[in-house]
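Heads up, the thing below is written out as structure tokens.
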Amino acid sequence: MIELRGISKSFDGVPVLDDLDLKIHDGDTLVIMGKSGCGKSVTLKLILRLILPEFGEIFVDGVETMSLPERQMMDVRKKIGMLFQGGALFDSMTVWQNLAYQMLEHTDVSVPVIDQKITELLHFVGMDGSQEKYPNELSGGMQKRVALARALIMTPDYVFFDEPTTGLDPVTAGKINRLIIRTREEFGVTSVVVTHDIVSALTVGTRFAFLDSGKISFYGLKQNLRETDNPALREFLKDASWQERY
Amino acid sequence: MLEIIRKQLVKVYDYFTLVAKAFKGLFYPPFYMSDVLLHMEYIGVQSLPIVLLTSVFVGMILAYQSGFAMAVFGAKMYIGTLVSLSLVRELGPVLAAVVVTGRIGAGSAAELGSMVVTEQISAMRSMGTDPIKKLVSTRLLAGIIMIPMLVLIADLMGILGGGFVAYYTFGLAPTFYKKTIIQTLVVGDILMSFIKAVFFAILIMTLGCYAGLHVEGGTTGVGRATTRAVVLSIVSILISDYFVTVILLKMLPGLAYGG
């Protein structure tokens, strides 16, 4: 389980997160929704300690990470796979090198075993035979699928998805959504999906959080989402006409 | 005003922290030797043609200008002395460093800056890798190895260029030119060239990487970071050259009188 307690974060004096509390339960696919710039991606980066909060504590599997030395934090990060918004594939490396990177870096696994795992993961994301391609030879959707394979290579306990469907056409977005669901089902990971795409949120999520004014103003299941009287969330949902779809 | 000073001091602190971490990264595994070799090839081998070309012509210009001036006083036999001392002590290290800054400092800033903007650096950290060790320490080591070699080659080629002009324009016999150089240069001069080259290598590699890793403002920021890396490196090279020269001449007093 991951738990955030009293997290506050500001940029250039502008508060983004203000005394935020959040729990991510094992086995869940928690969707964090909210308007652009409300601090959703910042929350993921804080959990990974890619940035530091001004106040608050973050626990990953019971370990308080804010006070951990950097070396030990690297071990915590190995438990978490992250799919960045733009994929963030290393553009000087081939798909194979991108996927093998973490295993070569942190394990003594032989190259044939790595090769086998890469083949399986590329099959899982529907990118068979793309090992020798460079990221700039792939479309945005393909890059995200390869990035998902890279996030899964170390068999993490948690996978974070930062705006996984942003900038994709509906067909490709649908493929990514199905992959997120299959990732939970086949790998048994706990997922956190940050998105403002409500269709995607409702498709993949098992639990939902709504981030507004630096705090989690809603936290619950899909049923609770339909019945919410939270005005900001109702307005957010209304704009996407989600009730007509579901 | 105080806020501006505070921000600048924070930047200086960040830079020296990066330098310290980059050096620390050289002493514990993984050492990323394949990355170091790639950077060595890029910094050393690929910079060689332009360093050769510029150093030969600088040597030729130096001999040409000084030859006419010295001829007035009947001192053109000292062309070899002037060319070799100027090149080995000053122009060789400084010019090679400036040329390398244009290629490598700018390249590092642009590459690392793009990696920041596209979240590749964040991805690296999220995968439990230290980006400073992987990206900066490897470049620093490659620069410290290759830039002094480039400088020594630049010194030699500049002297050869000067010899060419001394012979064809001023009629100095190559053996005489060579003899004046051997009589002039001492080990301390070569040492000064080498120490300066190492110092400039540290400046070029770390300032380029610092500018790249501290990109702000998306892709336009990458352009600004590249410009900043080149300007900062060249200014730092020229200013530090004075102080390094003064310190070395005090440490090696025999050099102050031209060997």
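With the condition kept exactly as written, say whether any residue in segment B:21-28 is closer than 22 Å to A:His106 by Cβ and over 22 Å from the mean Cα position of the chain (by Cα).
Yes, there is a match, as at least one residue in segment B:21-28 is closer than 22 Å to A:His106 by Cβ and over 22 Å from the mean Cα position of the chain (by Cα).
Residue by residue through segment A:44-59, note down the ones that are within 14 Å of another protein chain (Cβ to nearest Cβ) and either free of Cβ contacts under 8 Å to residues at least 60 places away in the same chain or assigned to a helix (DSSP H, G or I) (or both).
Answer for segment A:44-59, where residues must be within 14 Å of another protein chain (Cβ to nearest Cβ) and either free of Cβ contacts under 8 Å to residues at least 60 places away in the same chain or assigned to a helix (DSSP H, G or I) (or both): A:Leu44, A:Lys45, A:Leu46, A:Ile47, A:Arg49, A:Leu50, A:Ile51, A:Leu52.
How do the helices (runs of 4 or more DSSP H) wholly within segment B:92-151 filter down when requiring 2 or more residues that are among the β-branched types (Val, Ile, Thr): which remain?
Fully inside segment B:92-151 and qualifying: B:92-100, B:106-117.
Can you name every residue in segment B:117-173 that is among the acidic types (Asp, Glu) and more than 14 Å from chain A (Cβ to nearest Cβ)?
Of everything in segment B:117-173, just one residue is among the acidic types (Asp, Glu) and more than 14 Å from chain A (Cβ to nearest Cβ), namely B:Asp155.
Hey, can you tell me all the residues within segment A:204-222 that are surrounded by fewer than 22 Cβ atoms within 10 Å (Cβ to Cβ) and either within 17 Å of A:Asn177 (Cβ to Cβ) or among the polar types (S, T, N, Q) (or both)?
Scanning segment A:204-222 gives A:Thr206, A:Arg207, A:Ser213, A:Ser217, A:Lys222.
I'd like the full set of residues that are acidic (Asp, Glu) and either crowded, with 22+ Cβ neighbours inside 10 Å or farther than 20 Å from B:Pro131 by Cβ (or both), limited to segment A:45-100.
Across segment A:45-100, the qualifying residues are A:Glu54, A:Glu57, A:Asp61, A:Glu64.
Is it true that B:Ser126 is more than 16 Å from the chain's Cα centre (by Cα) and either surrounded by fewer than 22 Cβ atoms within 10 Å (Cβ to Cβ) or modelled with pLDDT of 95 or more (or both)?
no
Return the only residue of A:Gly6, A:Gly87 being on the phi > 0 side of the Ramachandran plot and over 19 Å from the mean Cα position of the chain (by Cα).
Sole residue among the options that is on the phi > 0 side of the Ramachandran plot and over 19 Å from the mean Cα position of the chain (by Cα): A:Gly6.
Please work out which residue is farthest from B:Leu152 (Cα to Cα), limiting yourself to segment B:164-210 and to residues that are crowded, with 17+ Cβ neighbours inside 10 Å and among the polar types (S, T, N, Q).
B:Thr206
Suppose we filter segment A:68-91 for residues that are without any contact (Cβ under 8 Å) to a residue 60 or more places away in the chain and at the interface with another protein chain (Cβ under 8 Å from one of its Cβ atoms); how many remain?
Going through segment A:68-91 one residue at a time, the tally reaches 8.
To keep it simple, each residue is scored yes or no on (1) among the aliphatic types (A, V, I, L, M); (2) more than 14 Å from chain B (Cβ to nearest Cβ); (3) surrounded by 19 or more Cβ atoms within 10 Å (Cβ to Cβ).
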{"position": "A:Gln102", "(1), (2), (3)": "no, no, yes"}
{"position": "A:Asp115", "(1), (2), (3)": "no, yes, no"}
{"position": "A:Thr119", "(1), (2), (3)": "no, yes, no"}
{"position": "A:Leu122", "(1), (2), (3)": "yes, yes, yes"}
{"position": "A:Met127", "(1), (2), (3)": "yes, yes, yes"}
{"position": "A:Leu148", "(1), (2), (3)": "yes, no, yes"}
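Out of all the residues in segment A:17-24, is one or more surrounded by 13 or more Cβ atoms within 10 Å (Cβ to Cβ) and either small (Gly, Ala, Ser) or within 14 Å of another protein chain (Cβ to nearest Cβ) (or both)?
Checked segment A:17-24: no residue is surrounded by 13 or more Cβ atoms within 10 Å (Cβ to Cβ) and either small (Gly, Ala, Ser) or within 14 Å of another protein chain (Cβ to nearest Cβ) (or both).
Quick one: in segment B:70-116, which of the residues that are within 14 Å of another protein chain (Cβ to nearest Cβ) and surrounded by fewer than 24 Cβ atoms within 10 Å (Cβ to Cβ) is farthest from the chain's Cα centre (by Cα)?
Step by step, filter segment B:70-116, then rank; the result is B:Val116.
The values are calculated or read from the model by the stated rules, or taken from the named source; none is laboratory data. Bear in mind the structure is a predicted one, so any value in this text is a computation, not a measurement. All Cβ positions, even for glycine, are placed from backbone atoms using ideal geometry, and neighbour counts span all protein chains on display.
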